[in-house]
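Engineer: Got a structure for you, questions after.
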Amino acid sequence: MAVNNTRVRRRTVSTLALIMVAGAVSTAGPARAADSGTRVAAPVRVSVTSATNSIASKSVVVNCPAGQRVYGAGGEITGGGGNVSLDDITPSLTLTNVLVTGVENGAFAGNWNVTGYAICGVNTLNLQRVHFTSPTNSVSPKSVFAGCPAGLRLYGLGAELNGAGGNVFLDDLTPNAALTGATLTGYENGAFAGNWNITGYAICGNASANMVRRVATSAAGSPVAASVTTATCPAGTRAHGVGAELNGAVGAVVIDDLRPNIGLPSATATGAENGAFAGNWTVTAYAICSA
């Protein structure tokens, strides 16, 4: 039977054209986690800042762009001078936004604001929020460990104080070295008779390439009104989550700044003394980095 070579050539050209177009669409777009569960598109930092005034409690909600999810969360107090603490750094259950709250410790006449940060990116396989809450009582300190389900890894974390009213400070938001979970701790600022608890949040998902925890600790010293340090990600990776830890502060220092930096090369943590404190203390910054 005779073969229509013209028809075969046209069909071949059409097939090749479709393959080329499909390849162009695939490579032009961002890496899609659904392909293998191990590739995550480059994240972005989104921030919202409250009004600047002397209102005792302020909250902001930071929404991720449509179609993206929260990988990490942070917060920053500006103008608080150690008299305002971060009370909530709470990723939503759906991982579409982050709630960040700052609360004054007693009467404070100064003007201040709170900034909330969300690290947002394309959804990856099994991305989910895990939370654990401590007992509610007047015991200080309190810690919880928010652990990821088996096989998943930690991308970000958060914490929430309930019933504290500015009398309890977040002391630790610490991702563990294996990136399987985080420890969240609150310390009372002096004697506080009220009942309170702490909720710890872990944002977990399938592991991505080159996931690593980077750590930096400030120099010890006293008296020092504030101390700051920055943990930097390795080349080729970006911060997907941030954490901070106060060492030796025992409720006398607030985490004033827990900030993913612009472009997400690093994370900065700042501690500020709440009034005069004679003890030596340091602040540690954590960056959860991934390709």
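The values are calculated or read from the model by the stated rules, or taken from the named source; none is laboratory data. Note that this is a predicted model, so its numbers are computed, not measured. With ideal geometry, Cβ positions are generated from the backbone for all residues, glycine too; neighbour counts draw on all protein chains shown.
Engineer: Restrict the check to the range 173-183 and report whether at least one residue is of a type in the set (A, V, I, L, M) and at positive phi. I'd like the intermediate steps shown before the answer.
Structural biologist: Initial filter on the range 173-183 (of a type in the set (A, V, I, L, M)): 173, 177-179, 182.
From the residues that got through so far, the ones that are at positive phi too are 179.
Within the range 173-183, one or more residues are of a type in the set (A, V, I, L, M) and at positive phi.
Rundown of residues vs (1) under 22 Å from Pro141 (Cβ atoms); (2) more than 16 Å from the chain's Cα centre (by Cα), yes/no style:
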residue	(1), (2)
Thr199	yes, no
Ala207	no, yes
Val228	no, yes
Leu246	yes, yes
Val253	yes, yes
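Engineer: So Ala226 ticks every box in (1) modelled with pLDDT under 95; (2) over 19 Å from Gly75 (Cα atoms) but one. Which box is left unticked?
Structural biologist: (2)
Engineer: Do we find that Ile89 is under 18 Å from Gly271 (Cβ atoms) and crowded, with 23+ Cβ neighbours inside 10 Å in this structure?
Structural biologist: On the way: under 18 Å from Gly271 (Cβ atoms): yes; crowded, with 23+ Cβ neighbours inside 10 Å: yes.
When the stated conditions are applied, Ile89 passes them.
Engineer: Scan the range 118-135 and tell me whether some residue there is surrounded by 21 or more Cβ atoms within 10 Å (Cβ to Cβ), within 19 Å of Ala73 (Cα to Cα) and without any contact (Cβ under 8 Å) to a residue 60 or more places away in the chain.
Structural biologist: Within the range 118-135, not a single residue is surrounded by 21 or more Cβ atoms within 10 Å (Cβ to Cβ), within 19 Å of Ala73 (Cα to Cα) and without any contact (Cβ under 8 Å) to a residue 60 or more places away in the chain.
Engineer: Within the range 188-206, restricting attention to residues that are in contact (Cβ under 8 Å) with a residue 60 or more places away in the chain and surrounded by fewer than 20 Cβ atoms within 10 Å (Cβ to Cβ), which residue is nearest to Leu125 (Cα to Cα)?
Structural biologist: Checking each candidate, the answer is Asn206.
Engineer: Would you be able to tell me the number of residues in the range 166-176 that are more than 16 Å from Pro149 (Cα to Cα) and either touching a helix residue (DSSP H, G or I) at 6+ places or on another chain (Cβ under 7 Å) or part of a loop (DSSP other than H, G, I, E, B) (or both)? Before you say what the answer is, go through the steps one by one.
Structural biologist: If we filter the range 166-176 for residues that are more than 16 Å from Pro149 (Cα to Cα), which is where we start, we get 166-174.
Narrowing the set further to residues that are either touching a helix residue (DSSP H, G or I) at 6+ places or on another chain (Cβ under 7 Å) or part of a loop (DSSP other than H, G, I, E, B) (or both) leaves 166-167.
Matching residues across the range 166-176 total 2.
Engineer: Could you tell me whether any residue of the range 248-258 is assigned to a strand (DSSP E or B), among the aliphatic types (A, V, I, L, M), over 23 Å from Val98 (Cβ atoms) and modelled with pLDDT of 95 or more?
Structural biologist: As a first pass, look at the range 248-258 and keep what is assigned to a strand (DSSP E or B): 253-258.
Those still in the list that are among the aliphatic types (A, V, I, L, M) too: 253-255, 258.
Applying the additional criterion that residues be over 23 Å from Val98 (Cβ atoms) yields 253.
In the following step, the residues that additionally are modelled with pLDDT of 95 or more were identified as 253.
The answer is yes; a qualifying residue exists.
Engineer: Answer yes if at least one residue in the range 167-178 is closer than 18 Å to Val100 by Cα, of a type in the set (Phe, Trp, Tyr) and either in contact (Cβ under 8 Å) with a residue 60 or more places away in the chain or touching a Leu at 6+ places or on another chain (Cβ under 9 Å) (or both), and no otherwise. Walk me through how you get there before you give the answer.
Structural biologist: Taking the range 167-178 and keeping what is closer than 18 Å to Val100 by Cα, we get 167-174.
Retained after the next criterion (residues that are of a type in the set (Phe, Trp, Tyr)): 169.
Next cut, either in contact (Cβ under 8 Å) with a residue 60 or more places away in the chain or touching a Leu at 6+ places or on another chain (Cβ under 9 Å) (or both) only: 169.
Yes.
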